[in-house]
Ligand SMILES: Cc1ncc(COP(=O)(O)O)c(C=O)c1O
């Protein structure tokens, strides 16, 4: 008799058994990468200089997060005990949920939104309550506020949101924090640099506001996995209990100060993307493709029933884009990251070729 039939393997928690595995569609990405909202070019050359100087000896040490947290806090005008560095914002979300969500609690989410909120919530014993945005994909403030209950423990708002690119207003966020004092309001500002508006200045002033930022987008450091969480010291001390002391590696820690210091580089990259977005949106309009107004480095486009073929044909033309059809309220919609103007001109050429092949070239 085979050993496996004699010994049954240990069962995970029921919630874990019910989870689906999440596989981001990475695979071969040797093309124009307009599928993950990354920086499509490079990080600051100052970061590369620092990386090149890291010695073998430095790698023998465990990473020390606190001094770099103090630098990040100073950059944001916060105190060190209000900031925790994390292994990407994904770890920040995961740790925040593990810290606050108990059985019977509710995570309140406007959808469509960033996939990982639901993934991380599904491994806790809390319930996820979703509020679907309308056809305009605008932030569904009234319905979200109406869905707050005494059990609401976290409200997670990506601002700007992905995949829609739309944003919530500062007053709306403040009002949510006021109406749910029993809950943590997580404002995920992963795309802050492209939006330019923030509630970071309210960290510490509101007892339940927590803000996340990533280095994966404008800074171009997605491969290093670096994010941060900022909140009142009284909340952050609970988060630190759950957070691994070593989850941010020493290469990422070494790169953070030069990345923050080189504002000229991020300013240049952001202005390049915003100029490219304007051109790209005009091209979408000329093709009479419906799009949603974006405050981020991507645009959601309505391709309709041919969405899967569109994504395949764009790939064949050397441009990777992301099918968001399975997101709530997003049937037929494809998200396209905005890179530089030069890259987006190639993308426009691929787009026209693809629409032609799909028999849908109109005007333009
Ligand atoms: C809204 C939002 N938050 C967080 C992340 C993940 O950021 P990180 O790479 O820092 O884990 C993404 C990535 O696409 C995102 O869209």
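Determine whether segment 208-218 contains at least one residue that is away from the ligand (no atom under 16 Å from the Cβ), out of contact with any helix residue (DSSP H, G or I) (no Cβ under 8 Å at 6 or more places or on another chain), part of a loop (DSSP other than H, G, I, E, B) and free of Cβ contacts under 8 Å to residues at least 40 places away in the same chain. So far as segment 208-218 goes, no, none of its residues is away from the ligand (no atom under 16 Å from the Cβ), out of contact with any helix residue (DSSP H, G or I) (no Cβ under 8 Å at 6 or more places or on another chain), part of a loop (DSSP other than H, G, I, E, B) and free of Cβ contacts under 8 Å to residues at least 40 places away in the same chain. For segment 69-114, the set of residues classified as touching a helix residue (DSSP H, G or I) at 6+ places or on another chain (Cβ under 6 Å) and within 30 Å of residue 331 (Cβ to Cβ) consists of 90, 93, 94, 97, 107, 109, 110, listed by residue number.
Screening segment 89-138 for residues that are part of a loop (DSSP other than H, G, I, E, B), within 16 Å of the chain's Cα centre (by Cα) and within 21 Å of residue 170 (Cβ to Cβ) and picking the one that is farthest from the ligand (Cβ to nearest atom) gives 113.
Selection of segment 70-89 for residues being surrounded by 20 or more Cβ atoms within 10 Å (Cβ to Cβ) and under 19 Å from residue 244 (Cβ atoms) yields 72, 83, 84, 85, 86, 87, 88, 89.
Table: residues versus (1) in a loop (DSSP other than H, G, I, E, B); (2) surrounded by fewer than 22 Cβ atoms within 10 Å (Cβ to Cβ); (3) in contact (Cβ under 8 Å) with a residue 40 or more places away in the chain.
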| site | (1), (2), (3) |
| --- | --- |
| 150 | yes, yes, no |
| 161 | yes, no, yes |
| 164 | yes, no, yes |
| 186 | no, no, yes |
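Considering the conditions (1) away from the ligand (no atom under 15 Å from the Cβ); (2) in a helix (DSSP H, G or I); (3) surrounded by 22 or more Cβ atoms within 10 Å (Cβ to Cβ); (4) under 19 Å from the mean Cα position of the chain (by Cα), residue 301 is excluded by exactly one of them, (2). Counting the residues of segment 256-271 that are surrounded by 17 or more Cβ atoms within 10 Å (Cβ to Cβ), over 20 Å from the mean Cα position of the chain (by Cα) and outside any loop (DSSP other than H, G, I, E, B) gives 3. Selection over segment 219-234 of residues that are within 15 Å of the ligand (Cβ to nearest atom) and in a helix (DSSP H, G or I) gives a count of 3. Filtering segment 237-253 to residues that are more than 21 Å from residue 60 (Cα to Cα) and surrounded by 23 or more Cβ atoms within 10 Å (Cβ to Cβ) leaves only 243. Considering (1) out of contact with any helix residue (DSSP H, G or I) (no Cβ under 7 Å at 6 or more places or on another chain); (2) in contact (Cβ under 8 Å) with a residue 40 or more places away in the chain; (3) surrounded by 20 or more Cβ atoms within 10 Å (Cβ to Cβ), the lone condition that residue 126 does not fulfil carries the number (2).
Bear in mind these aren't lab numbers, they're just calculated from the coordinates by the rules spelled out. All values reported here derive from a predicted model rather than from experimental measurement. Methodologically, a virtual Cβ is constructed for each residue, glycine included, from the backbone with ideal geometry; neighbour enumeration extends over all protein chains shown.
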